[in-house]
1. Which whole-Hz couplings ³J(HN,Hα) result when phi for each residue of region B:35-40 is put into the Karplus expression 6.51 cos²θ - 1.76 cosθ + 1.60, θ = phi - 60°, listed in order with x for Gly and Pro?
2. Lys pairs in the protein assembly as shown, Cα-Cα under 12 Å, at least 8 apart or on separate chains: how many?
3. Counting only residues 5 or more places away or on other chains, whose amide H sits under 5 Å from the amide H of A:ALA10 once H atoms are built in the peptide plane?
4. Only loop residues by DSSP count here, and only those with at most 15 other Cβ atoms within 10 Å; note down the chymotrypsin sites (Phe, Trp or Tyr not before Pro) in region A:1-100 that meet that.
5. Describe numerically, in nm with one decimal, the distance between label points set 7 Å from Cα along Cα→Cβ at B:GLU78 and at A:ARG197.
6. Quick check: convex hull over the Cα atoms of region B:89-200, volume per residue in Å³, rounded to an integer?
7. With angles folded into 0 to 90 degrees, how steeply does helix B:132-147 sit against the dominant principal axis of chain B? Use alpha carbons for both and round to 10.
8. Helix-derived [θ] at 222 nm for chain B: sum -39500 (n - 2.57) over DSSP H runs of at least 4, divide by residue count, nearest 500?
Protein chains: 2
Amino acid sequence: MKYTYSFPKADVTVDAVVFGLGVEGVLSLLLVRRGRPKEPFFDHWALPGGFIDMDETLEGSLLRELREETGLILPYMEQLGAFGDPGRDPRGRVITIAYLALVPPAAVKGGDDAAEARWFPLQALPPLAFDHAAILEAGLARLRAGLMVSPIARPLLPESFSLGDLQRVYSAILDQPLDKRNFRRRINDLVEPTGERREGKHRPAILYRFR
Amino acid sequence: MKYTYSFPKADVTVDAVVFGLGVEGVLSLLLVRRGRPKEPFFDHWALPGGFIDMDETLEGSLLRELREETGLILPYMEQLGAFGDPGRDPRGRVITIAYLALVPPAAVKGGDDAAEARWFPLQALPPLAFDHAAILEAGLARLRAGLMVSPIARPLLPESFSLGDLQRVYSAILDQPLDKRNFRRRINDLVEPTGERREGKHRPAILYRFR
DNA sequence: ACAAAAGTGTTAAGGCTACACCCATGA
DNA sequence: TCATGGGTGTAGCCTTAACACTTTTGT
């Protein structure tokens, strides 16, 4: 089947900045290796994503692409915006709609088997293909901006967690130390106790969930 | 010239929520009338915009479309995001990248001659084509969110203005009354006096500009 | 008993809101 | 002198940031 138009058309893709918490709670980014020798950035790492289908929503396209490329199901996504400079893709005009997506720890553990998709700690990223570094910046900024004002971290965390866990996550994402007492006051409105406690080596922690 | 692809491609457009201040400082939206009888929403009003060219940035496309459709030059624009639900355009898959744009009062006065482009007070809008009402909402929300924290209103206003002028503008945009003294304190960091005063019927007002 | 993480209060400073009166000018 | 919009200060409240010690548990 051929499709013929009287004007050239741009390609439209969706790409996602997918964050997850890996071992030790390090903030990690999901990347896919570009495996087609003839294509630009062969063997480089890139944000997962791909071309949209004609009858899908943008979000639907992203869900499908991530399932195909990485096996992941995205429980949360929000649009970051469109990146469309001519020249951002050497193959021609490709406009991408970028998303921020967050997945729970279980998804990060499971995703490690595919050789084409890997989690990288944010502090140890390989060079990224295309303008994906700029998209990543936008995603990280969005995540940081939402942390203290909305329960955006919910999809990153397990169902229940201690406030110590939560502070470590926030601290890692913001890349700065946080005062324990002030932190607990600030996120107080975002969480509620589950009634459970976590037994461990030391004093048991009260467990919380996002409201 | 024909362009043939092995997959169907979406069209990409840019659209702008263009705000300006009309007579009496009413917040107004620039709309264009859809004039092609065979096209959807014929005779309806729509956000200005159009198809991108292959070698332009998205912002460049928007500037060109607005020049062509309305004669306006946009001194300020920021991206709102992509709107791409299948079905948002009856003709087929059309993904639009929406922008918020702001123009100075002089542009609002001048733009009134073209029958195809008109300024409408925000309180008296006609029904909008496509999903443009949703895009408008996003634009208005963005403008409101920026008012108190950034000098985003700068491109809406003339070079210099009194604090009374400014308060009326803010009050119109936020659609709520503002306390005079608190308002002046809050925007104090965003403006600086020009050294001029405006003579008028009453006590002359000190004139300010955005920093 | 000790090591390790959990949990908790207070103070000072700055920002926000509500509120009412005097000022400068032209007519 | 009056009408009109321009201009100003303060008190109460809330939020934020800085800061150190006690508690609970397992070993």
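1. x, 9, x, 7, 8, x
2. Qualifying lysine pairs in the protein assembly as shown: 4.
3. Result for A:ALA10 returns B:VAL12.
4. A:PHE42
5. 4.8 nm
6. Cα convex hull per residue, to the nearest whole number: 145 Å³.
7. 30 degrees
8. -7500 deg cm²/dmol
Only the coordinates and a few stated rules stand behind these numbers; no lab work does. Since we're looking at a predicted model, the values are computed, not measured. All Cβ positions, even for glycine, are placed from backbone atoms using ideal geometry, and neighbour counts span all protein chains on display.
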